Amino acid sequence: MASEIDVVPAIPTRKDEAIGRLQQMVSQGLGWARKYSLFQYPFVTACCGMEYMTLAAARYDLDRFGAALPRFSPRQADLLMVVGTVNCKQAPVLRRVWEQIAEPKWVVAFGVCASSGGFYDNYATVQGIDQIIPVDVYVPGCPPRPEQVLDGIMLLQKKIQGQTHRLVEPAPAPAIVAPGTR
Ligand code: SF4
């Protein structure tokens, strides 16, 4: 049986409210900065790579969204773009790259192969990268049109803005690794 003290509602003081509001403003500011300064790590394995290159060219100009500059070190990136088919031999490598990206980080599955294995329904192909790493946005298409990818980037930016951001991120919980992925 719950004691009387358990059901007394917590009454926030004015100081609590002020701190909460300040944290909210910091979170919104960091969210705004982060969504317009995405540094992507392209994990490109297959034919979707052609569409990926188109994105950065003049016609689609991904730079308008603050996400054009690819970084080829996971330690300098915060957006993992998985572009193309991922086979079972590549799975541990993809997992390792994801682990090396510092928090906060996001993942986009570019095309149906990365999202679900696509039409490679066989023993050698990973049936969606979400079996290995968490995914924030799935972009459909084989290959996806650049407009679809831009739509996915905008969706991700909206998601980032809605998340809670802190000046110092807490240490992540230890990852649960599926057997055979290391
Ligand atoms: S989704 Fe289509 S274009 Fe992209 S890697 Fe798979 S087969 Fe190639």
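Take the residues of region 55-82 that are part of a helix (DSSP H, G or I) and either of a type in the set (A, V, I, L, M, F, W, C) or at pLDDT 90 or above (or both): which is nearest to PRO140 (Cα to Cα)?
So in region 55-82, the residues part of a helix (DSSP H, G or I) come out as 55-56, 62-65, 74-76.
Applying the additional criterion that residues be either of a type in the set (A, V, I, L, M, F, W, C) or at pLDDT 90 or above (or both) yields 55-56, 62, 65, 74-76.
On the way: LEU55: 15, ALA56: 19, LEU62: 18, PHE65: 20, PRO74: 24, ARG75: 28, GLN76: 27 Å.
Selected residue: LEU55.
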Report yes if VAL44 is within 16 Å of the ligand (Cβ to nearest atom), aliphatic (A, V, I, L, M) and touching a helix residue (DSSP H, G or I) at 6+ places or on another chain (Cβ under 7 Å), otherwise no.
yes
List the residue pairs whose Cβ atoms are under 6 Å apart, where the first residue sits in region 123-145 and is within 11 Å of CYS113 (Cβ to Cβ) and of a type in the set (D, E, K, R), the second is within 14 Å of the ligand (Cβ to nearest atom) and at pLDDT below 90, and the two are 6 or more positions apart or on different chains.
none
Is region 84-99 home to any residue that is among the aromatic types (Phe, Trp, Tyr), over 17 Å from GLN148 (Cβ atoms) and touching a residue at least 12 places away in the same chain (Cβ under 8 Å)?
yes
Restricting attention to region 100-136, which residues are more than 15 Å from the ligand (Cβ to nearest atom), buried (at least 19 other Cβ atoms within 10 Å of the Cβ) and within 30 Å of LEU167 (Cβ to Cβ)?
ILE101, LYS105, TRP106, VAL107, ILE133
Of ARG34, ARG75, ARG64, which residue is away from the ligand (no atom under 16 Å from the Cβ), without any contact (Cβ under 8 Å) to a residue 40 or more places away in the chain and within 28 Å of ALA171 (Cα to Cα)?
ARG75
Within region 68-95, of all residues that are touching a Leu at 6+ places or on another chain (Cβ under 8 Å) and closer than 28 Å to TYR120 by Cβ, the one surrounded by the fewest Cβ atoms within 10 Å (Cβ to Cβ) is PRO74
Residues being assigned to a helix (DSSP H, G or I), within 16 Å of the ligand (Cβ to nearest atom) and among the aliphatic types (A, V, I, L, M): count how many of those fall in region 137-163.
1
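The values are calculated or read from the model by the stated rules, or taken from the named source; none is laboratory data. If you're wondering where the values come from, they're calculated on a predicted model, not measured in any experiment. So basically every Cβ, Gly included, is an ideal-geometry build from the backbone, and we count neighbours across all protein chains shown.
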